[in-house]
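The values are calculated or read from the model by the stated rules, or taken from the named source; none is laboratory data. In this text, all values refer to a predicted model and were calculated from it rather than measured experimentally. Glycine also receives a Cβ, built like all others from the backbone with ideal geometry; neighbour counts cover every protein chain displayed.
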């Protein structure tokens, strides 16, 4: 087996895909994710590239080649040749590293929740008004690492997310990310009353947004318990949190708190 790093142009990728006679069907979301990384300049040369067997048949890398065509940019890839045909059966059978795996390797604590929090912040910043589930909302491991580098204080909100979730039934990662976002938008303000109110709930007046938020989240959690319900929606939880925070920060009593998928994500009040 031989290998070398080679620059693959979109035209060359078309030619190489003509040797694709044994691969699995293409996954459009995978191609799209690869292409977006290539257009952003995030694609790096690794040992994972494209491979041809001893008969010249493409046995690995069809998604990377299709992504080069979609991105319409030349990309450097490691090209393997003279691969034994029998190796095709064991390609991609190992467990792929997810974002939590990557962060754990980097030495991060509670990497699963931290990765989910980072993903939520990335989605809030990059696609706040679109769905946060499904293939089109995929966030790459590279984007997770980059976002954590840009928001290092997210680590400090792991415990806050745990506390808010335990007190309200909110999704843990949504609670941690939303708490971080409101703190970042109001760096000079003392948000202790906000956090204490939604976590403890003691002594709150009937129209206090903190009490209403707790009641809405409790109701959603009760509805979820013991029933086959739709998957809990991180975007919905973050939006409800921000709506309640905005009302509290502006001293606006509210009588209702709801969010529909078609609504825009609330901007965070900076008046706390």
Task: Candidates 148, 114, 123, 103, filtered to the one that is within 11 Å of the chain's Cα centre (by Cα) and more than 21 Å from residue 32 (Cα to Cα) - done: 114
Task: Residues (surrounded by 13 or more Cβ atoms within 10 Å (Cβ to Cβ), within 16 Å of residue 219 (Cβ to Cβ), at pLDDT below 90 and not assigned by TED's automatic domain parsing to the domain that holds residue 129) located in the range 230-272 - done: 254
Open item on the list: Checking the structure you have, find out if any residue of the range 31-43 is under 22 Å from residue 140 (Cβ atoms), free of Cβ contacts under 8 Å to residues at least 12 places away in the same chain and out of contact with any helix residue (DSSP H, G or I) (no Cβ under 7 Å at 6 or more places or on another chain).
Closed with: yes
- [ ] Considering only the range 69-102, state which residues are part of a loop (DSSP other than H, G, I, E, B) and modelled with pLDDT of 90 or more.
- [x] 72, 73, 74
Task: Whichever residue in the range 27-51 is within 16 Å of residue 3 (Cβ to Cβ) and crowded, with 20+ Cβ neighbours inside 10 Å and, among such residues, is farthest from the chain's Cα centre (by Cα) - done: 51
TODO: Select from the range 131-142 the residues that are modelled with pLDDT under 90 and surrounded by 13 or more Cβ atoms within 10 Å (Cβ to Cβ) and write down the one among them that is nearest to the chain's Cα centre (by Cα).
DONE: 139
Task: the range 151-184, subset more than 20 Å from residue 104 (Cα to Cα) and outside any helix (DSSP H, G or I), residue farthest from the chain's Cα centre (by Cα) - done: 169
Task: Count of residues meeting criterion [in contact (Cβ under 8 Å) with a residue 40 or more places away in the chain and outside any helix (DSSP H, G or I)] in the range 103-119 - done: 3
